[in-house]
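One structure is given below, encoded as structure tokens.
The values are calculated or read from the model by the stated rules, or taken from the named source; none is laboratory data. In this text, all values refer to a predicted model and were calculated from it rather than measured experimentally. Note: ideal-geometry Cβ built from the backbone for every residue, glycine included; neighbour counts use all protein chains shown.
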């Protein structure tokens with residue numbers, strides 16, 4: 001898994017499933033972490049949101065490796 005910081009609270013993640021964007025902390029309204037099926041931050045939307053929130057980025061990364 002390769003994690004690249006785009007900005008505070010926004011990361012681009014590349015793993016064996018592909019590339020996705022993670023957002024959390026101050027970048028979200030509720031402070032929780034979520035992921036988007038896209039490779040560019042500008043392409044993040046409700047249409048490609050994974051629909052699962054996590055309290056920490058570590059929990060989100062662990063979940064991403066479960067499928």
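Could you list, in sequence order, all residues of region 1-21 that are closer than 12 Å to residue 57 by Cβ and out of contact with any helix residue (DSSP H, G or I) (no Cβ under 9 Å at 6 or more places or on another chain)?
Selection gives 5 alone.
Give just the number: which of (1) buried (at least 17 other Cβ atoms within 10 Å of the Cβ); (2) at pLDDT 95 or above does residue 64 not satisfy?
Among (1) buried (at least 17 other Cβ atoms within 10 Å of the Cβ); (2) at pLDDT 95 or above, the lone unmet condition for residue 64 is (2).
Identify all residues within region 1-36 that are surrounded by fewer than 16 Cβ atoms within 10 Å (Cβ to Cβ) and either under 10 Å from the mean Cα position of the chain (by Cα) or not in a loop (DSSP other than H, G, I, E, B) (or both); write none if there are none.
If the condition is that a residue be surrounded by fewer than 16 Cβ atoms within 10 Å (Cβ to Cβ) and either under 10 Å from the mean Cα position of the chain (by Cα) or not in a loop (DSSP other than H, G, I, E, B) (or both), then 2, 3, 4, 5, 6, 7, 14, 15, 18, 19, 25, 26 are the ones that fit.
Only one of 24, 31 is modelled with pLDDT under 95, touching a helix residue (DSSP H, G or I) at 6+ places or on another chain (Cβ under 8 Å) and within 15 Å of residue 53 (Cβ to Cβ); which?
Step by step, each of 24, 31 is checked, and only 31 is modelled with pLDDT under 95, touching a helix residue (DSSP H, G or I) at 6+ places or on another chain (Cβ under 8 Å) and within 15 Å of residue 53 (Cβ to Cβ).
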